Each structure stands twice: as structure tokens, then as C-alpha cells.
Amino acid sequence: MFQKHKLAASVALLCALGVSGCGSDDDTALVITPPPTEPTAPTGPTFPEGAIMISAEGNIAENILEAFINAQSNDVIVLPEGTFKPDRTLLFDGDADGDGVFAKNVTIMGHGQDKTILDFSESAGGDGIFVQNAMNITIQDLQVNEAANNGIKLKNTNGIILRRLSTIWDGELNADNGAYGLYPVECENILIEDTYVRGSADAGIYVGQSKYIVVRRNVAKENVAGIEIENSQYADVYDNEAVGNTGGILVFDLPIGNGYYGRSVRIFNNHVHGNNTPNFANASSNPAGVHIVPPGTGVIILSTRDVEIFDNVIEDHDTLSITATSFFIAEQDIEGAFVMNYALPGGIIDDGWRAVPRNIHIHGNQISDSGSAPNGKLIPDIIAAYQGLHGVFPAILYDGLGEAIANSGLFFDNGGEGMPYAGVDFKEPPFAADGSDNLCAIDNGDVTIGQLYAGNHSAADLGTPDVLLDNGEGTLMNCSQISLPVHTVTFGDQVFGCGIDDDVEGCDGGNTVGDSGEIGDGEASIIGDGDQSLCVASGNSVNLDALLGANCPTLADYNLFADALDPTQNPNSGGVPYDLTSALFTDYSSKYRFAFLPDGQAAQYNADETFDFPVGTVLVKTFAMPEDSAMPGTEGEELLETRLLIHRQNGWTALPYVWSADKSEAKLTKPGSVFEQSLMHQGEALTFDYSVPNVNQCKQCHQLTDSEGVARFAPIGPKARFLNSDYAYASGTANQLQHWADNGLLTGLPTDVAAINTAPNFGLLGEFGADEMGVLSEATDAEVMSLAKGYLDINCAHCHRPEGNASNTGLKLEYWRPYAGNEQAHGTCKAPIAYGGGSLSHDIVPGDPEASIMHFRMASTEAGDMMPEIGRALSHDAGVALINEWIKRLPSAACSQ
Amino acid sequence: MRTSLKLKSLLLVLILSGCGGSNEQANVPILPPSPPPEPPPASACEATTSEVNWTALQTENCERLSQYGLFVDPAQPTRDPNTNGRLYLLTTALFSDYASKYRFLFLPPGSQVNYEEQEAFSFPVGSVLVKTFALPQDSALSGAHNERLIETRLLIHRENGWVALPYLWEGEEARLALAGARVDHQMTHRDQTLTFTYEVPSQPQCKLCHQLNEAGVTRISPIGLKAHLLNRSDATGQAQLESWLGDGWLDRLPEAIPTAAALEDEAASLTARAKGYLDINCAHCHRAEGFASISGLRLGFFQDHTQFSYGICKQPPGYDGGAAGLDYDIVPGHSGASILPYRMSHLEAKDRMPPIGRALVHEKAVDLINRWIDAMDPNLGGCTP
């Protein structure tokens, strides 16, 4: 449910930050009283060492542009405190000089939302700040005012954080104000939070033709549209306040014709109130321009499908609280202008746009004080009809016209004969018989619901609406839909979203959708968290039904181990433990790995890649922290987490389970977790933050891009070269591959196992060679090469390979790829693509580890420097020593001194 | 390539932190150990030669235009290119506040341009396009005596792609101006005196127009060097592309070459003139791969101009119709109801098209577009004012 105190707190915070205009309006219904527990004096932003401080002297626009043009990755550009009047648009391009090298992860910031003020009233340019072609950009702590077109616009950019910003057109509200305050378009992964937008002649916050969007804790006041999600996918809009606009929050899908159309949008936990301002947008007859928004409207859904509106407080609206409508209300000349503009062959419907909303779920909203003075130039007939027939205007109104047209089949080419308007195809099949296309509104309190059209309408009576009203009898839209997933934003290794990085409750959903398509739990194999009734363990068999059909709340539900509290031994149902010859370093944690294959099925052998495991396979890896790195597996080792990789019908799913403090259970923890750990290592006590990855982070490493460019989840370790070693089974020591083959778990194993190119054993403390007694300095060059290649493979090559997440770096570190002839692919004399490198120039300088970036980044524990980027808080001294030795011995190359 | 810039911005930080009251000097950022410093290599920009400085063009953004050695007289970028440079002319041109433009192509010795049917020609790495803008005192007069040198723009094809560098003229010298500049100018145009601020684009602004997006990656690309815009006589009266072919500058030339008509060409049809003008003035953005792809408007020379995508009865998704409340880009037969000439004839940031690159209205062009629209069959497209 909506949490009033939380919203009040965030509004209070904005006011404390001194947002002008905030809270000064007499007719705002919200009582602003900060709870005593909230901090009263928020501190201003801090600037990192090396931040580029823009001078306030001279031409401010030139000063800022200079910094934008010269920006390098990870720069923080700080605009001075004060009010400035830039004379032109501040344009930032991620690759201004076009050399293909991007300035990534740049931060543009001021001293505060009310301390750094850019007033564009005298600018020659249309936009205030305009960012294009960037990767991971943050803009925060500043104010942009009076821009001719848009306050802050971003285009073709992946990774955007807009935080603690204000965009304001002050004074009288009129059509000459700029269109959009915050305006990302054709972008991906957009987080907008804690901003204030006022006075836009179109939308205060407008996210267009984008995907992976989180808009939260913002205040949109006195715009035509407060917040608009247009032609965008995977958006969560929550904890915002929309007040004093013409319309509060809009979810629109417009016929644009460039292939971007919206779906999967959630609007929840927002306070939408008093949006009764006369519409001050320019009146064009572009049928769905924002000028059509009837004043006094809370939330509008136009044409978009898969929208969920829930747990909002929506109050004090002259016209209506929530409406969902097809495009046919905006363009009522269906057989004329609509057909001509959108439905001709090769037109916008062919491009993928659809006019009819489907699967809309409006539930749990608190709606009050709606419809006292309905108005709006688009809908006078509808208002008159309701007032004439029923004497009221409904708080929730559904046009039903699109559904009626779809169900009539009038404009749908179903392949059969007899279309009344032959050749004109709206591509709107009848609504699904199972109800999954329906528009549902339930549990919204004591409100009136209206539906203009219902049932099938023949061509002749489309002009005669039904004008139905439900006064609480439950006659209209009385149904519900499956919850939409939580939508997340991925920005570098950070993931933002409801309940992911904040403590917002009631995020609903269950499944999570973020970048790289459906992530982590499901690949759409199951809906939400699946059938939770499967999550009951019994007997001594693995709960395969649950593994395949549900994301269970606790690990024990899957019944993987004889003792549910000990995931380090005694697997059920023929699960087989395994070890890798060389392993990923994870802060000296011990790892207990098991493979469970479905009964009677085997994995298919592959010489270079991970074995091909059958559906139903689950790989289980438990991480435990020893007291001393020299004594893993002994008493006192603490269980931390257990990760599952489950091969479901549509692909692999990763589920992280975190063990409770008392080790009585391991709970599903999709957002990951961080906790303090300590251990003794070589006589030294190390204390650090151990990170359990969130579900998106699992995929960061566990993904391979296939030939069609689709990134798919994949296991990493179970490859022949890491498994070809002995394991001490209860039944006696045996070669793992041979053991798997002998027990029917593996087919296609070559007869000569000894001939398999195997990564040599390398232990956490650097043990290698016969009896693990090898000494690096005494090893042969070939031995060192082989050890280093094995180590780089298991620690780096899941990303650093052509199909991996870091393919853009050009580093290719698979074990099987020989160094000789592939020197540059290993990093030798190679300038890094996306890393500043400090004072170092090459990933590897043969003979000189100290001059090699690879060595430096492995030794580092600083975010931004360290490699791997996630999965460790410590550096692995034995691994670093190995790479040091390897680089020393590499044959001299052009960059060697 | 970016080295000199990097040094510069580092320097800026150092200077700023020196005077910015930072008293945390002891807290030096921990940098990885660095190899012993080498003596800085002599900048290729410092080389003195009377030839084109190919090395500098390839590797550095020189502070002064003259360091590239492009012209016999470095102070005269309007004539006499050094060896391997040649002047070229377009059939119809982008309007830039009545500025005269002097365009040169420099090809690395022994290399060749590849002919393309519809797109910009393919240029070998090393190619340089040089365009100098000079503003006349009177729009009716051109030539060095009547003009003031404003800026010279370079498009250099380097190893990793095209790089745009704007140079601003100050006296006898043009200096790199990555942030652009605003230059006040006064000009007699017919019977009026125009006072305006001419805008030299910043480097990222160059990219606004000069970018093509392929599979999500934007790359800088030349605009004017297309067959239909180059197919005319050159300064000596020879067929320009024939000369290129004859001199070995071009790999091939087909029999039939399309030609975009000049704006002023009274002999050509209104449609031909309008299409040529819209191509060179609009289509770099208004194409599927261009900056304005989201508009859905496609104004390229080879587009069918009777179609919705060319603006016929097309509503613009991102424009509110202006104060006039107009609905369609082009309403056939009704120029007054058409957004296209409306935006061409406005100067406010909200309304003007192109959004950058002009501070004046190109009256002749507006007039042409109006006449072209008015001459269209009003039944085309089916929309009404």
C-alpha cells in the first residue's frame, strides 16, 4: 500500500534542499511535516579528488563546453555555485571527436538544486543541456531554467542518472514555456530521482522511446503533463508527487513511425492530486498532442498495453482520476484520417504501433474527490452523455471503443474473406478469450467506473456508445491481471529499482526485468516467482518441480541436500560434487559445487565450452568463509550464500540465496546483499565487505552473446579443462570426467582423457605442481604460461571473450587461445579501450608487470580500477604474483623497454 | 589524438586546484606506478614545411590552422591549395546566413575516392575536407574584398573515423575553437541591414549534423560529397566529376549521374529545386540514420516526395505546430498551412529549422518551398488546412 509518511518525507527533503516553489502553493493538499526521525540538515554534494571545477569567470557556456569536449571517462565536472546565463546550449557528446573512444561514466554536477542555477532565458540554443551518444552519464545537483525548448535533453544514451535536479519555467504558465523539463529520448537505462520540474508547456518529466526506466521521488508541479512515459518499455514510476498539472501522470503510445512502441509500465505509490490547471499547451490538431489532456485528470493511459496502476493516492481532480483509452478517442475520424495517417500499407501500424490498450490493471488506488467539474475540449460529448444519463462523471473511465472495434473484426485481417474495409488492417485481433487482454479495475475503494463502449459493436452502431456506469456494483472491469515485473535500471555495476536498491515495500511484481532482456529469474520460463505451492520439500529427492516452476523463498524448499542446513555435502538424488582445477577468486571463500542432473539424463561433452546440460539441471555453489585462508573447510567456516543456476525450459536462471545469521535458513535475495567479513590471511587480519551479487549482476558474468546478438545466460566453470582432475569421492578418488561418464552424467567424453588440454591446478594460496609444492620462480616458462592462462580464463574470460560482456575491450583470454600469435588479444602492447589507465598505457608490457594495466587492476581494490569489477573486495595476492611472474617472462614486445 | 586535449584538461585541473583554495595537497591521488618519463615527442604540428602536413592531420588537433600546411598562403584559405588539394563546388548548398563557402578536398598522395550511387563518396583514411566560411558585407557581393573570414572547418578522416575541427579566424590566423564561438556581424541584404550573431559550431555541434547511426553506433560522416551534389561544372568550366576521374581522384563514374538542381536554377522544375534544397539543408538529419530519425520525416534526394514520409499530410511527433497551430509538415496546395516553410521562416529556437547553423531566414528558399507546395495537387495525401 501507499505509504503516506514516506512520500511526505521525500517532499520535505526536497523542500529542505530549498527547491523554489515547492510547498509554497496554498492549494496543495499535502501536509508537510517532516517526521522527527528524518535528518533535518541534509549535507550538500561532495566532489571527488580530481574533479574538474568549472570557472565562473568569463563566458560560462564556453567554460562548460570546454570541459564537456575534453571530458575523459570517469571525469566529474563541477559547475560553480551561483546563477549563470549561458548563451548557448550546453552540448555533451560521448564521443565528440568521433574517434570511437567514448568518455564513459562522466558526472556533470553542481553545488545543489538551488545553488547552481543555469538560466537559459538569454540563450540562442533551444535546449539547456543536451547530451547525446553517451554511455553512463550522471547529471545532478543543479537547476536549469527558462530553456526555449527543453531543460535537459538526452538522446541515444545508455545509462543515465538524473538526480536532485530542478527544471523550472517560472511565472505565468503559458505555451511559450519550453516543452520538457527532463527529456531522455531514444535512451536506455534511465534513473530519474529526487527532481523538481515546474512550468513545462508539455511534460515536466518526459521519457520517450526508451527502455529500462525508473522515475521515483520526483515532484512534478504545474506542467501540462506532470510525468509522461511515452512509447517506452519497462518503466517503473513510483513515490512521485504530481500536483497542479493539467494531467498528473501520462502513459502514452503515439504513432511515430520509428519502430519504438511502449509496453510494460507501472505507476504506483504516487501522490497525484489537484491536477486542475487549464491546459496551456499550444493547440495543434496533432490528435494526441498533450493539448488534448482534459484539465483535472489524474492518470491517463493512451494506447499503451501492459500497464499497471496501483497503490496510488489520487485526489482532487475536476474531471476524472484515471482513464484508459484507445487512440480512437483522440482521432475519432476512424475511417478517414485514422486510416490515412496510420493504417495504410507501410504505415505506422505496419511499423508496430497499436491503437488499442490491452492488459491494463488498475488496483488498490485510493481515489477521492473526483469529477466535480468535468471539462476538456476533447470530451464535451462524453461529459454530456454521462451527466445526462447518470448525473455523474466516473472517476475511472475506459473508452472500450478500441476493444469494441477489435472484437468486431471490422478492421482486422484474420486471413479470411469479407473484411468490410478490405485492405485496411488495424492489426487488432479480438481480445483474448482467457481475459489476458482485459482492462481491469478492482479494489480502488468507493469509486464510480465508466465504460463508454462494451461488447461487440457492428459497423453501424459504432457511433452509438453505451455510456455504462458502475456505481460500486462490480459490473464493469471487475477482473484482475497478473502483476507486471519490477523494472530496473542498470548503470555500470549498479542496479536501481523498487526494492532493489531502495527499501520501498509493495513493489509487487515478483519477476524482474532489466537490461539484456529478461534477467536473472526466469527468462520468462515462469511468470513472476512461479507456482509457490511447489515450494514444499518432502522425502529425500530433489524437488525438481519446484526448481523448474518456482523461485522458492528458501533454499530448503528445493530439498537439494540430505541436511538442509549443510549445503557442503550429501546431495540428494545423485547430485555430484565437483571441483575446478583453477577457480574464480572470491575473497578467499571456500566453494562447494554440486551438479544435479535430471534422472537418467546426461550432459553433452564439449571440448572448449561449457558442457551442454539438459533442462532440469541445477548447478549449486555454496560460498563459505574460513577463519584462516590457510585452513579452508574446517570448523568455524561460516556459510555465506548459495547460488543456483537452474536450466529451465527457456534458459538458465540464477537465484542467489543468503544464509541467515544463525544459519537456520538461506533466503532468496534477488537484490543481493553486502555484509562485513573478516579472516586471517598469511598472519594478517583482513576485514572487508563481502558482496552477494544481485540477480542482474549474476548475468554480468554469466552471459554469452549468441550469433544473433542475444545475450544468454550460461554456466562458466563446468568445462572439460577445469574438470579434468581427480576428486576424492566417498567411493574413492577418481578423475571427475571419467566419474561423470561412468555414472551416466556425461556423454561424448574422449577415450583419452589425459590428452584433454587441461588448465593446471592452482590453489587459493598459489599452490601448484606436484604435491602442490611448486615454486613460481623455479617453474618453467611453459608451466608459468599454462598456470597464468588457466587463471585468466576462470577469472576473466567469461567476460573477456568475443561472446562475453567485455567483448568491446578486445581482450580474449580463453585458455585454449595460444599466447603466441595472439599477443594483442591477451593485452600485450594493447591500449585499453575504456580505461584511463592512470599513468599506464598498455594492458601488458612484457617484462614489466609494474607497467602493465592488467597487473595493476588485479592488485587494486578501488572501484573503477579493480578487475574483476564485481565479486571481490580483496585482491588475490597469489594470483597477482602469478600474473607478475608471467608478464616478467613474456617475450619482449614493441612496447617493452 | 586526444593526448593533447588530455594534457590540457589536466593542466586546467592543476591550475584550478592551485587557486581554488584546496589545501589538501598532501592527499595526492594514488596513481599506479609509472614508467620513467620519456622526453615528450616533438609535436607534428611544429613541423615546418611548405607541403600538406599529413602527419599532423592524422595525429594531432593543431592549435593553428596554418600548421597543417593546407594552403600556399596560410592566411588565404579561399584559394591555392597545396599539392593534393583541390577546390570543389556543389550544385546546391546549405544556407549559412549568406556566408560564402570555399570547399577543398585533400587526398593523400596516391589514393582515390570511391564513387557511391546515393551516399557520400568513400574517402580513404587521410582525406581532409576543408570548408571556409566568409561573411560578406553585402549579400549581393562575394569575393575576398567584400568578405570577412570567419571560420574554417576541417573534416579529417583518421584511422578511427572522421574528426571535425572548427577553426576561428582572428586576423591572419585561424585558431582551433572546439567550443565554437559567436560572432556579431552586420550585412546589407537587398534594401535592409541585417544585424545578427553568427554561430561557429562547437565540435559536438558539428556532429549533430554530421552523424549517421548504424546499429546504435553514431559515426561522423561527410554530407555534401555525393554524386548528385557534385555533378556540375568546376571552377574552370570542366565537368567536375569527369575531371576527378581524369586526374585519377575517382575510381569510376557511371554513365548516368543524378543531379540535384540549384535553388536558383529557373530552368529546372520547382520540384527538382525544392528537392535539391531540402536534401542539402535537411536530409543529413531527416533520414533514418540521422539525428532527426525520431521525426519520421525523410527528406533525402532519393525519397519519394509524394509520400507521407516526405511530410505529405504528416503530423510531426515532436512539434506542437507553433503559435499558428499547424498540423502537417506539408499540406499540398497550402504553403501557409504547412509546417515545413513555417519553421524555415522562423528564428526562435522553438520553431526554427534547421535548429542550428542559421540566424537569418533564407527568403529565396522559403519562397521556393512555398511555391512548390502551392503548386502541388491538393488531393495528394488528402489532408486539408
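Each reported figure results from applying straightforward, stated rules to the coordinates on display, with no laboratory input. Bear in mind that the values here come from a model prediction, so they are computed numbers and not experimental data. Don't worry about glycine lacking a Cβ; one is built from the backbone with ideal geometry, like all the others, and counts go over all protein chains shown.
Quick look at the values:
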| item | result |
| --- | --- |
| Whole-angstrom gap from region A:526-558 to region A:457-508, using each part's C-alpha centre | 28 Å |
| Residue-count net charge about A:Ala602 - beta-carbon cut-off 12 Å; Lys, Arg +1, Asp, Glu -1 | -3 |
| In degrees, nearest ten, helix A:4-16 long axis to first principal axis of chain A (Cα) | 90 degrees |
| Helix axis angle, A:380-389 relative to chain A longest principal axis, alpha carbon, degrees | 70 degrees |
| Net charge over other residues, Cβ less than 10 angstrom from the Cβ of B:Trp162 (K, R count +1; D, E count -1) | +1 |
| Members of A:Lys115/A:Lys153; B:Lys314/B:Lys364; A:Lys719/A:Lys789; B:Lys131/B:Lys275; A:Lys719/A:Lys812 lying beyond 19 Å, as alpha-carbon distances in this model show | A:Lys115/A:Lys153; B:Lys314/B:Lys364; B:Lys131/B:Lys275 |
| Chain B - Debye-derived log10 I(q)/I(0), Cα point model, q = 0.07, 0.08, 0.14, 0.15 Å⁻¹ | -0.37, -0.48, -1.30, -1.45 |
| Angle in degrees between helix B:270-282 and the longest Cα principal axis of chain B, rounded to the nearest 10 | 30 degrees |
| Selected from A:Gly226, A:Leu250, A:Val215, residue furthest toward positive end of dipole (region A:194-292; charges at beta carbon) | A:Val215 |
| Whether region B:268-385 is rounded, prolate or oblate, judged on the alpha carbon gyration tensor where a/c under 1.5 counts as rounded | rounded |
| Per-pair calculated FRET efficiency, R0 = 56 Å: B:Glu289 and A:Asp434 via Cβ, rounded to 0.05 | 0.85 |
| Shape call, the protein assembly as shown: gyration tensor on alpha carbons, a/c limit 1.5 | oblate |
| 10 Å Cβ neighbours from other chains, averaged over peptide A:154-160 | 2 |
| FRET efficiency, A:Thr747 to A:Thr705 (Cβ-Cβ, R0 25 Å, nearest 0.05) | 0.40 |
| Proximal charge balance of A:Asn282 [Cβ under 14 Å; K/R count +1, D/E count -1] | -3 |
| Prolate/oblate/rounded call for region B:38-174, Cα gyration tensor, a/c under 1.5 rounded | oblate |
| Cα-projected label distance for B:Ala324 with A:Glu172, points at 7 Å along beta-carbon direction, nm | 2.4 nm |
